1. Among the listed residues P43, P88, P98, which satisfies the condition of being in contact (Cβ under 8 Å) with a residue 24 or more places away in the chain and part of a loop (DSSP other than H, G, I, E, B)?
2. What do you reckon, is L58 free of Cβ contacts under 8 Å to residues at least 40 places away in the same chain, under 21 Å from the mean Cα position of the chain (by Cα) and surrounded by 15 or more Cβ atoms within 10 Å (Cβ to Cβ)?
3. Could you please find all residues in region 130-164 being more than 22 Å from the chain's Cα centre (by Cα) and either of a type in the set (S, T, N, Q) or modelled with pLDDT under 55 (or both)?
4. Look through L58, L130, L105, L63 and report the one residue that is closer than 20 Å to A31 by Cα and outside any strand (DSSP E or B).
Amino acid sequence: MTSYYHQQTAADLMTRECVTIREDENLETAASRILGQGVSNVPVIREESGKRILLGFLSEKDLLECFFDSTLYQSPDVPIARKARMNPVCVRADTDLPTLSCIFLQHKFRHMPVVEDGEFLGMVSRRDILRGFLKHYQEQLKKEPAERKTPEMDDTYNSRFIVG
């Protein structure tokens, strides 16, 4: 990525301290954590050799389905690992701002995990991306019009995310 976007990446934009849940925790713990922390979803992780390995994702909707099913089928102690959406779409820490935008716009995600070699590093959100673009926009506005740069098409176009 060119210096046009000052090489902002997922690592620059993401939230590192995230609410998570371990794969061996139960529905009650997950729901209490989501409600108590005011978040709409949590990454499901496994601790391995001091690293947080991302396994899946659990949303409010997923939990609502779990509670409904556990009431209906009389099985309240369902492990999180059986109810989480496993292998979620993730981005790497070096994913640049325009590419992040393409992914979020095309797939209508609100949040995405950031991982490197399976290790969960944090979450990047649409709001984080918007902050990145606002920072860039404000920096451009400080310049004289003749000094403002227009990005090259190669800097904004990413064919990896075009579905035909």
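1. Criteria check complete, one pass: P88.
2. Spelling it out, L58 is indeed free of Cβ contacts under 8 Å to residues at least 40 places away in the same chain, under 21 Å from the mean Cα position of the chain (by Cα) and surrounded by 15 or more Cβ atoms within 10 Å (Cβ to Cβ).
3. Q138, Q140, T150, G164
4. Every option except L63 fails the conditions.
The values are calculated or read from the model by the stated rules, or taken from the named source; none is laboratory data. Just so we're clear, the structure is a prediction, and the values are computed from it rather than from any experiment. Virtual Cβ from ideal backbone geometry, glycine too; neighbours counted across all protein chains shown.
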